[in-house]
Amino acid sequence: MLVGVDVIAVLALVGTLLVAEYLAGALVAVMLATGRLLEAQASARAERDLRLLVSPAPRTAHRHLGAQLVTVEVSQVRVGDLLLVASGEVVPVDGRVETGTAVLDESALTGESCRRDGRSGMRSAAAG
């Protein structure tokens, strides 16, 4: 049988009341309430961070189609498609820098806070 923290806290509170140690009982109650508050905050922060990690995943990409630039669903992007990723946009799919240069923020993938310089031929992973 597993004894949870709540059972231990109730036993401690009852024990302090039985021996008339009201200050100790109050301290146990404050510690229990503080622990629950910290647990709720940590849970809310983890949930928010998880939402932020998933939310930047783009749903569309800008594909070159001849001389035109067409916006398509990410699911329609195929190997060999030439895409345009504008400044500040999230890279929609794994690929490589075909021409020009880029500064890539891969912190969502690698955990590193430093941005990476991208040059022609360099591979890049999607942030979503």
Among residues of the stretch 2-36 being within 36 Å of the chain's Cα centre (by Cα) and not in a helix (DSSP H, G or I), the residue modelled with the lowest pLDDT is Leu2
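Checking the structure you have, find out if any residue of the stretch 37-51 is assigned to a loop (DSSP other than H, G, I, E, B) and farther than 30 Å from Gly95 by Cα.
Going through the stretch 37-51, the residues assigned to a loop (DSSP other than H, G, I, E, B) turn out to be none.
No, there is no match, as no residue in the stretch 37-51 is assigned to a loop (DSSP other than H, G, I, E, B) and farther than 30 Å from Gly95 by Cα.
Whether any residue in the stretch 92-115 is assigned to a strand (DSSP E or B) and modelled with pLDDT under 75 is what I want to check. Explain how you work it out, then say what you get.
Taking the stretch 92-115 first, the residues assigned to a strand (DSSP E or B) are 95-96, 102-104.
Now restrict to residues that are modelled with pLDDT under 75: none.
The answer is no, given that none of the residues of the stretch 92-115 is assigned to a strand (DSSP E or B) and modelled with pLDDT under 75.
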A careful count of residues in the stretch 1-30 that are in contact with a helix residue (DSSP H, G or I) (Cβ under 8 Å, 6 or more places away or on another chain) and among the hydrophobic types (A, V, I, L, M, F, W, C) gives 8
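The values are calculated or read from the model by the stated rules, or taken from the named source; none is laboratory data. Model, not experiment: these values are computed from the prediction. Cβ atoms come from the backbone with ideal geometry, glycine included; neighbour counts cover every protein chain shown.
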